[in-house]
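Novice: Can you read through this structure? Questions will come right after.
Read-outs: derived from the displayed coordinates by stated rules, not from any lab. The structure displayed is predicted, hence computed values, not measured ones. With ideal geometry, Cβ positions are generated from the backbone for all residues, glycine too; neighbour counts draw on all protein chains shown.
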């Protein structure tokens with residue numbers, strides 16, 4: 001097995017992790033100072049979201065220089081120190097590659113926009129206006145509004161899947177691909193442990209840009225439906241792998257919204273393009289038709305079980321990145337459970353699944369504290385460009401301000417981006433200055449310092465899970481077989497190798513459940529309730545039992 005199959009990856013959102021300079025935003029040095037804390041969670045790799053030079057329109061995902069550190073986060077010397085000190089603790093640093101687009105302030109785009117004859121003229125996607133002067137196609141960007149912006153200097157429109165400040169790169173141009181590969185090699189030479197590749201399903205565009213059937217009152221269609229996972233994309237990605245990580249011990253994990261579980265074998269494994277792939281079927285259950293926040297679909301626990309089952313079955317010959325949160329998704333204790341659910345119990349049952357399914361757990365910053373969503377009173381309190389775009393779209397569709405704000409509260413990416421609550425001091429110990437985003441209103445009770453002293457806390461639970469994972473090999477290399485598949489509410493599975501058989505049962509419902517399973521010879525190693533009765537699970541109870549061979 002590879003090293004990255006045996007460990008836990010912690011996703012760190014640096015801007016909100018720890019401020020060591022009193023500036024209101026987190027720093028690279030803040031990550032370095034918390035390496036021991038991260039190690040206690042079983043962390044063997046830290047994926048850090050972009051810290052490159054950026055105008056910060058989209059919090060760093062609009063990159064102006066792939067090979068330089070933004071002063072907001074520190075210096076390249078700080079990054080070198082983090083890479084070195086982390087490796088001394090057996091932790092590798094994983095960089096976030098944003099290769100679908102750059103910032104509109106990147107030197108490549110500044111040159112490309114000048115005219116149609118410059119050397120980088122074809123590095124971005126430019127098209128003439130329609131005869132009436134309108135955009136080349138009626139595509140809506142992910143953040144709302146047209147996916148096309150007029151450039152007076154060049155006299156053409158350019159395409160942007162996300163914000164207008166994030167023009168899409170033209171992957172059909174060989175020089176673009178080679179330039180991006182060189183940027184990746186820069187970080188490989190620094191000694192990092194891998195890459196998470198952002199929004200990768202959008203890099204390949206259709207040969208002809210056609211209008212689509214509008215899906216909202218604005219007369220536009222989501223660009224996701226028009227460009228995601230366009231045939232031919234895997235050719236590009238095989239080339240990326242061959243020119244960057246092939247022959248190294250680095251791992252790659254792609255963000256692949258739009259790839260189904262059934263398509264996973266084409267993307268991951270020995271003959272795939274990545275080592276792991278984030279596919280979103282289990283976290284997008286409420287968006288079966290589209291991702292407009294005011295139109296969520298209903299879903300059931302059985303559908304969640306089915307999504308997880310499909311992901312496991314389609315990666316039997318490959319590897320799966322287990323995740324329930326990230327910087328773009330709501331907090332899992334709100335996302336998967338009702339408002340009446342016990343938040344501590346909910347956090348623990350998700351934690352059990354995260355650390356015991358077959359695959360590499362990806363733990364998101366603050367998830368180990370059971371952080372839930374924030375509840376802010378007006379849209380001005382939100383920073384997320386996507387939240388603001390969804391709010392505006394809701395108003396255009398005739399929703400009231402209260403209805404639009406309710407959707408933002410539920411799905412805003414800012415829920416996952418509030419500053420990390422470290423202690424009960426001012427600003428939760430995140431900064432001595434004014435934080436860039438409001439701290440969580442319950443930070444005093446949810447903070448790491450408070451939870452560390454409580455053996456029944458979510459943080460203590462995650463540390464117990466980390467120790468369990470370290471001491472039981474079946475949780476690493478064991479097979480995966482579903483148990484109690486017909487039960488509508490209990491997620492059950494067996495992990496087995498030559499030494500032991502482990503049974504995990506997780507009641508995802510908020511009611512008591514009776515189950516039938518022969519537990520003879522099994523011993524409970526960890527349970528989320530103080531007492532467990534064989535054949536019965538409390539609401540949101542998770543247990544792990546072991547049978548030694």
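Novice: Grab the Cα-Cα distance for residue 239 and residue 175, subtract it from 0.36 nm times how many residues apart they are, and report the gain in nm with one decimal.
Specialist: Result for the pair: 21.7 nm of gain on full extension.
Novice: For the range 277-297 and the range 335-393, what is the centre-to-centre distance using only Cα atoms, to the nearest Å?
Specialist: Going from one Cα centre to the other spans 15 Å.
Novice: Then there's this: Between rounded, prolate and oblate, where does the range 71-179 land on the alpha carbon gyration tensor, with a ≥ b ≥ c its root eigenvalues, rounded for a/c under 1.5, else prolate if a/b exceeds b/c?
Specialist: Because a/c hits 1.5 or more and a/b exceeds b/c, the range 71-179 counts as prolate.
Novice: List the relative contact order of the range 472-548 as a percent without decimals, with contacts defined as Cα pairs under 8 Å and 6+ residues apart.
Specialist: Relative contact order here is 29 percent.
Novice: What is the mean projected area of the alpha carbon convex hull for the range 447-517, to one decimal in square nanometres?
Specialist: 6.3 nm²
Novice: Let me ask something additional. What angle, in degrees between 0 and 90 and rounded to the nearest 10, separates the Cα long axis of helix 301-313 from the longest principal axis of the Cα atoms of the chain?
Specialist: 80 degrees
Novice: Among DSSP bridges having both ends in the chain, what percentage is antiparallel? Round to the nearest 5.
Specialist: Approximately 55 percent, going by the DSSP bridge assignments.
Novice: Could you tell me the ratio Rg/Rh of the range 198-306? Both radii from Cα atoms, Rh via Kirkwood. Could you put the intermediate results ahead of the total?
Specialist: Values: Rg = 16.1 Å, Rh = 15.8 Å.
Computed over Cα atoms, the ratio is 1.02.
Novice: Oh, and also: Could you sort the peptides 393-405, 303-315 by per-residue average Cβ neighbour count (10 Å cutoff), highest mean leading? List each step's numbers first, then the result.
Specialist: Values: 393-405: 15.2, 303-315: 18.5.
Packing order, densest peptide first, comes out as 303-315, 393-405.
Novice: Which three numbers, in whole Å and largest first, are the semi-axes of the equivalent ellipsoid of the range 472-548 derived from its Cα gyration tensor as √(5λ)? Working shown, then result.
Specialist: Numbers: eigenvalues 85, 35, 22 Å².
Whole-Å semi-axes of the equivalent ellipsoid: 21, 13, 11.
Novice: A follow-up question, please. How far apart, in nanometres, would the label points at residue 452 and residue 392 be if each is projected 7 angstrom from Cα along the Cα-to-Cβ direction?
Specialist: 4.3 nm
Novice: Now for a separate question. Can you give the angle from 0 to 90° between the axis of helix 76-88 and the longest principal axis of the chain, with both taken from C-alpha atoms, to the nearest 10?
Specialist: Helix 76-88 and the main axis of the chain meet at about 20 degrees.
Novice: Sticking with this structure for a sec: What value does the range 1-119 have for Rg/Rh, both radii from Cα atoms and Rh as Kirkwood defines it?
Specialist: 1.06
Novice: Moving on to the next point. Hey, with R₀ at 56 Å, roughly what FRET efficiency would residue 520 and residue 23 work out to, going by the Cβ-Cβ distance, to 0.05?
Specialist: Once the sixth-power term is evaluated, E becomes 0.40.
Novice: Could you check the spin-label model distance between residue 248 and residue 208? Points 7 Å from the Cα along Cα→Cβ, value in nm.
Specialist: 4.1 nm
Novice: If R₀ is 22 angstrom, what is the calculated FRET efficiency for the pair residue 529 and residue 471, using the beta carbon separation as r and rounding to 0.05?
Specialist: 0.50
Novice: Going by average Cβ density within 10 Å per residue, which order do the peptides 357-365, 137-145, 519-527 take, highest to lowest? Display every interim value, and only then the final one.
Specialist: Details: 357-365: 23.4, 137-145: 21.9, 519-527: 13.9.
The packing order, highest mean first, is 357-365, 137-145, 519-527.
Novice: Let me ask something else. What value, in deg cm²/dmol to 500, does the helix sum -39500 (n - 2.57) over DSSP H runs of n ≥ 4 give at 222 nm once divided by the residues of the chain?
Specialist: So the helix-based figure for the chain works out to -7500 deg cm²/dmol.
Novice: Give me the percent relative contact order of the chain, please, defined on Cα pairs under 8 angstrom at least 6 residues apart.
Specialist: Taking the mean separation of contacting Cα pairs over the length of the chain, I get 13 percent.
Novice: At 0.36 nm per residue, and after removing the present C-alpha to C-alpha distance, how many nm does the segment from residue 342 to residue 270 gain when stretched out fully?
Specialist: 21.7 nm
Novice: Listed highest first by mean packing, meaning other Cβ atoms within 10 Å per residue, what order do 200-208, 80-88 come in?
Specialist: 200-208, 80-88
Novice: Cα convex hull of the chain: how many Å³ per residue?
Specialist: 144 Å³
Novice: Counting other C-beta atoms within 10 Å, which of 114, 340 has the fewest, and how do the rest follow?
Specialist: 340, 114
Novice: If we restrict to alpha carbons, what Rg and Dmax does the range 343-446 come to, in Å?
Specialist: 15.9, 45
Novice: Now for a different question. Please order 56, 276 by the number of other Cβ within 10 Å, starting at the fewest.
Specialist: Lowest to highest Cβ neighbour count: 56, 276.
Novice: Right, something else. May I ask for the angle, rounded to the nearest 10°, between helix 233-243 and the longest principal axis of the chain, with both axes built from Cα atoms and the value confined to 0 to 90°?
Specialist: Helix 233-243 sits roughly 80 degrees off the main axis of the chain.
Novice: Can you sort 538, 101, 547 by how many other beta carbons sit within 10 Å, fewest first?
Specialist: In order of increasing Cβ crowding within 10 Å: 547, 538, 101.
Novice: Mind running the shape call on the range 177-224? Use the C-alpha gyration tensor, a ≥ b ≥ c as the square roots of the eigenvalues: rounded below 1.5 for a/c, prolate if a/b tops b/c, oblate otherwise.
Specialist: Judged from the Cα gyration tensor, the range 177-224 comes out prolate (a/c at least 1.5, a/b above b/c).
Novice: What's the Kirkwood radius of the range 277-317 in Å, using all Cα pairs?
Specialist: On the way: mean 1/r = 0.0904 Å⁻¹.
Evaluated on the range 277-317, it is 11.1 Å.
Novice: Grab the beta carbon distance between residue 499 and residue 185, set R0 = 45 Å, and tell me the FRET efficiency rounded to 0.05.
Specialist: Given R0 = 45 Å and the Cβ-Cβ separation, E is 0.65.
Novice: Can you work out the PRE-style zone for residue 399? Point 7 Å along Cα to Cβ, and I want the residues of the range 295-331 with backbone N under 12 Å.
Specialist: 295-297
Novice: For the range 402-534, take the convex hull of the Cα atoms, compute a quarter of its surface area, and give me that in nm², please.
Specialist: For the Cα atoms of the range 402-534, the hull's average projected area reads 12.1 nm².
Novice: Given points 7 Å out from each Cα along the Cα-Cβ axis, report the residue 299 to residue 426 separation in nanometres with one decimal.
Specialist: That separation, rounded to one decimal, is 4.2 nm.
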